[in-house]
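**Student:** Pasting in a structure now, in structure tokens, and then I'll have a few things to ask.
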Amino acid sequence: MAGLLVFTVLLPVGRTGALALVLLTLALQFCTEALMTRNYWLGAVCVTPMALLLTELPGYQPAWGLISDRWLDTAVSVAAGLLGCLLVTKPPKRRADRRGAATRGRRSGGGPASAGARHA
């Protein structure tokens, strides 16, 4: 989302002329190359506005449509990712269940500490 915010800020600058658009694209490409190996997140923040600015090279697109479509795509992707996380992960065991199982193991004489004591 940070990359989309950067694109939203840079789009008016890129619309001032072809030279500004090319220079912004080159600057973002340089930042991507410099940052990607050190910090992937920062590299991705540079890739997103660069890719979206590249769509402006053949001709200007309606700014509101481009930005709103990308924000909608991002929101849907985030929602799908969160839903996937909820569906894939198991719910954590309740703390009382874990304590109860540990206590039952000690009472019955089981567990590693009591096993060593029996052999001694």
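**Student:** Out of (1) closer than 21 Å to L57 by Cβ; (2) open to solvent by less than 70 Å² (accessible area, probe 1.4 Å); (3) among the aliphatic types (A, V, I, L, M), the odd one out for L23 is which?
**Tutor:** (2)
**Student:** Suppose we keep only residues that are open to solvent by less than 50 Å² (accessible area, probe 1.4 Å) and of a type outside the set (A, V, I, L, M, F, W, C) within the range 80-102. Which one would you say is modelled with the lowest pLDDT?
**Tutor:** Residue satisfying both the conditions and the ranking: G100.
**Student:** I need a count of the residues in the range 13-61 that are over 21 Å from M1 (Cβ atoms) and at pLDDT below 85.
**Tutor:** Count: 8.
**Student:** Right, here's the next one. Return the pair list, or none, for Cβ contacts closer than 9 Å from residues in the range 54-70 that are free of Cβ contacts under 8 Å to residues at least 12 places away in the same chain to residues that are open to solvent by 40 Å² or more (accessible area, probe 1.4 Å) and not in a loop (DSSP other than H, G, I, E, B), at least 6 apart or on different chains.
**Tutor:** That search, which allows pairs on different chains as well, returns nothing.
**Student:** Then there's this: So which residues in the range 51-79 are loosely packed, with under 14 Cβ neighbours inside 10 Å and of a type in the set (S, T, Y)?
**Tutor:** Residues satisfying the conditions are T55, Y60, S68, S77.
**Student:** Here is a follow-up. Are any residues in the range 9-20 within 18 Å of L42 (Cβ to Cβ) and either under 16 Å from the mean Cα position of the chain (by Cα) or surrounded by 13 or more Cβ atoms within 10 Å (Cβ to Cβ) (or both), and if so, which ones?
**Tutor:** Result: L10, single match.
**Student:** Still on this structure: Among the residues of the range 19-32, count how many are free of Cβ contacts under 8 Å to residues at least 24 places away in the same chain and in contact with a helix residue (DSSP H, G or I) (Cβ under 8 Å, 6 or more places away or on another chain).
**Tutor:** Result for the range 19-32: 4.
The values are calculated or read from the model by the stated rules, or taken from the named source; none is laboratory data. Everything quoted here is computed from the prediction, not taken from an experiment. FYI the Cβ positions are ideal-geometry reconstructions off the backbone, even for glycines, and counts take in every protein chain you see. These area figures cover heavy atoms from the full protein model, side chains too; ligands, DNA and RNA do not enter into them. Shrake-Rupley method; radii C 1.70, N 1.55, O 1.52, S 1.80 Å.
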